[in-house]
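Single-structure report; data block below.
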Amino acid sequence: MPLPCCVAAVARRLADRWGRTGDAVNRTVVDPIANAILYEGYLLYPYRPSVKNRQRWTFGGLYPEAFGRAQGDASASQTECLVCGGSDTTVEVIARFLHLTDRTVGELDRPLAEWPEATEPSFRSVETLRVGDTVLQVWQEAEEREVYCGRTRLADLLERPLPARFAFPSRRWLEPVRKANTIMGVLVREQHGIEGTLELRAAPVAERLFKLTLCIANRTPWEDGTHDRDHALQRALVSTHALLGVEGGDFVSLVDPPDAWRDAAAGCRSVGAWPVLVGAEGQMDTLLSAPIILCDYPQVAPESPGDLFDGTEIDEILTLRILTLTEEEKQQMAGMDERVRALLVRSERMGREQLLGLHGTMRRLRVPGGGSP
């Protein structure tokens with residue numbers, strides 16, 4: 001039987017499982033960590049398009065297989081982890097990534113009072129377009145994608161691997177740009193189609209201990225023969241990571257496994273992925289498989305006012321850098337998209353106490369094995 005799989009926003013489906021308290025992890029705890037990974041590289045210092053910063057999307061990129069093979073880039077990731085449970089233990093998986101969207105800017109040959117139906121207005125492509133106080137510019141946006149694989153019993157996974165396929169077709173759409181009631185320009189967005197597979201399998205390791213293996217692969221055709229990485233990124237799974245949940249069992253920490261299972265943990269081989277426990281400390285029902293190295297139970301610092309799209313999250317330095325931009329640079333920044341605009345507004349509204357709170361905090365120290373700090 002194929003692995004149940006649907007591609008959609010999964011909040012409603014997860015509400016029963018990961019929206020409860022007590023025996024399940026609330027996604028409000030997990031999502032801030034996962035989203036920090038998802039949008040790593042979305043915007044680079046100094047927070048506007050520049051010649052200096054062109055290399056975005058540096059973590060978790062899975063390229064079309066033919067391109068990856070020719071260029072030595074990853075086209076698949078593998079997560080291996082341990083589950084303590086029985087044959088009736090159930091597992092579920094969410095693969096998450098970004099689907100890049102190329103946005104170009106068009107200036108209308110003549111302003112329009114109404115948007116034409118069923119036809120495109122006549123326009124010419126430009127690098128920037130000023131509309132009122134906003135400067136619109138060519139940009140590469142991103143759309144969140146989630147592939148949800150429903151609950152599967154370990155007993156079924158032991159019998160045979162369960163594959164799932166997903167696809168997001170290419171599309172192109174236009175958005176009018178208005179000044180008052182007049183249409184002055186157009187934003188043209190285009191996505192290239194992408195295809196991929198998930199495969200989940202299990203193998204016994206010891207009594208009530210099983211190894212889970214999750215493979216995520218980009219199966220998008222690559223036939224144009226170019227070696228241009230920016231071009232390949234349009235068909236890549238960007239910032240790929242996965243959430244794994246278990247019911248009727250527990251995940252085993254691979255960072256600090258119990259002594260009895262230390263050899264089994266050392267035998268797990270993850271490629272392009274780093275699985276850690278997430279949620280409230282001590283809970284063991286949810287695993288985040290990230291493209292970067294994390295500790296178990298990672299947290300976003302409570303002092304952080306919001307996403308800065310930078311994995312190092314040096315909030316004070318990055319916020320001050322935004323505040324020192326010129327008005328023209330801020331207009332360029334605001335013209336990117338809503339996420340960037342929200343970052344600019346949040347930074348400019350930050351109070352003195354909030355800014356001082358970013359200057360430095362001493363965390364509680366811990367000694368592995370339970371010793372005194």
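The values are calculated or read from the model by the stated rules, or taken from the named source; none is laboratory data. Source: prediction; values computed, not measured. When we count neighbours, we look across all protein chains shown, and the Cβ atoms used for this are built from the backbone with ideal geometry, even at glycine.
Quick one: in the stretch 84-125, of everything that is over 28 Å from L237 (Cα atoms) and among the β-branched types (V, I, T), which residue is farthest from the chain's Cα centre (by Cα)?
T119
How many of the residues making up the stretch 226-252 are touching a strand residue (DSSP E or B) at 6+ places or on another chain (Cβ under 6 Å), hydroxyl-bearing (S, T, Y) and farther than 19 Å from T213 by Cα?
Of the residues in the stretch 226-252, 1 are touching a strand residue (DSSP E or B) at 6+ places or on another chain (Cβ under 6 Å), hydroxyl-bearing (S, T, Y) and farther than 19 Å from T213 by Cα.
Enumerate the pairs (first residue in the stretch 247-262 and more than 11 Å from Q283 (Cα to Cα); second residue anywhere and surrounded by 15 or more Cβ atoms within 10 Å (Cβ to Cβ) and charged (D, E, K, R)) with beta-carbon separation below 6 Å, excluding pairs fewer than 6 apart on the same chain, so at least 6 apart or on different chains.
Final answer for the pair search is V255/D296.
Across the stretch 86-139, what is the total count of residues that are assigned to a strand (DSSP E or B) and closer than 30 Å to L157 by Cα?
10
Please work out which residue is farthest from the chain's Cα centre (by Cα), limiting yourself to the stretch 131-153 and to residues that are basic (K, R) and modelled with pLDDT of 90 or more. Lay out the reasoning, then the answer.
Step one: filter the stretch 131-153 for residues basic (K, R), giving 145, 151, 153.
Right, trim to modelled with pLDDT of 90 or more and you get 145, 153.
On the way: R145: 8, R153: 27 Å.
For the stretch 131-153, the residue satisfying everything is R153.
Quickly run through the stretch 140-164 and pick out the residues that are outside any helix (DSSP H, G or I), surrounded by 15 or more Cβ atoms within 10 Å (Cβ to Cβ) and out of contact with any Pro (no Cβ under 9 Å at 6 or more places or on another chain).
Once the filter is applied, which keeps residues that are outside any helix (DSSP H, G or I), surrounded by 15 or more Cβ atoms within 10 Å (Cβ to Cβ) and out of contact with any Pro (no Cβ under 9 Å at 6 or more places or on another chain), the stretch 140-164 yields Q140, E141, A142, R145, E146, V147, R153.
Consider the stretch 234-265. How many of its residues are of a type in the set (A, V, I, L, M), more than 30 Å from E223 (Cβ to Cβ) and surrounded by 18 or more Cβ atoms within 10 Å (Cβ to Cβ)?
Selection size over the stretch 234-265: 7.
Restricting attention to the stretch 169-180, does a residue exist that is of a type in the set (K, R), surrounded by 15 or more Cβ atoms within 10 Å (Cβ to Cβ) and at pLDDT 95 or above?
no
Which of the strands (runs of 3 or more DSSP E) found entirely inside the stretch 173-282 contain at least 3 residues meeting this: within 20 Å of the chain's Cα centre (by Cα) and within 25 Å of P163 (Cβ to Cβ)?
Strands (runs of 3 or more DSSP E) meeting the threshold: 194-206, 209-218, 238-247.
If you scan the stretch 193-213, which residues turn out to be touching a residue at least 60 places away in the same chain (Cβ under 8 Å) and under 29 Å from R171 (Cα atoms)?
Narrowing the stretch 193-213 to residues touching a residue at least 60 places away in the same chain (Cβ under 8 Å): 194, 196, 198, 200, 202, 205, 208-213.
Listed by number, the residues that qualify are I194, G196, L198.
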